[in-house]
Amino acid sequence: MARKYRTAKGKMIDMEAMRTANERTVASGNMKVNAKGDELGKGGRVVKPVKERAAARHRTVKQTTQASLKKPLENKETKINPDPKPEPTPIEEAELTVETIRKREDGSSYKEVMTPDGDIEIVELDPPKEEAPKKKKKKKSSTKKKPTV
């Protein structure tokens with residue numbers, strides 16, 4: 001089933017029908033082929049059909065194989081581990097906390113406290129500095145003299 005396209009002016013065009021109707025016409029360019037892909041000789045005669053051209057191309061192009069960039073896996077039987085690492089002994093009832101002091105862009109600083117269960121608490125060290133409110137400038141009144149009548 002051919003797909004139909006609508007042009008900007010609203011006309012419907014069947015591209016498949018147009019392609020089959022014009023497959024014998026010479027394609028534009030310097031490749032000397034028709035719209036179907038057949039190689040043309042003098043007078044527009046078909047020298048090599050598209051199937052022959054494709055078959056010749058497939059014969060000459062080498063197939064590439066997929067290669068892995070990873071190193072090959074070693075056989076587990078040949079690999080001997082003389083010193084197995086002992087399991088680390090857990091520290092009994094030790095509570096580890098990590099404290100980090102940081103500064104903000106406005107100059108205030110705070111402390112991040114990471115508790116043993118993974119929670120992070122933020123403790124303010126310096127309150128943020130508040131800027132003094134800006135004074136409004138008074139508009140200068142014009143000193144032009146009004147003309148007298």
Size of the stretch 4-59 as Cα extents on the principal axes (Å, biggest first): 44, 27, 17
For SER108, other-chain or 5+-apart residues with amide H closer than 5 Å (H placed, Pro excluded) are LYS129
Report the gain in length on full extension from VAL47 to ASN22: 0.36 nm times residue separation, minus Cα-Cα distance, nm rounded to one decimal. 7.2 nm
Can you give me the long-range amide H partners of ALA35? Hydrogens built in the peptide plane at 1.01 Å from N, cutoff under 5 Å, separation of 5 or more residues or another chain. THR25, ALA27
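Values quoted throughout were computed directly from the atomic coordinates according to the rules given, and no laboratory measurement underlies them. As the structure is a prediction and not an experimental result, all values here were calculated from the model.
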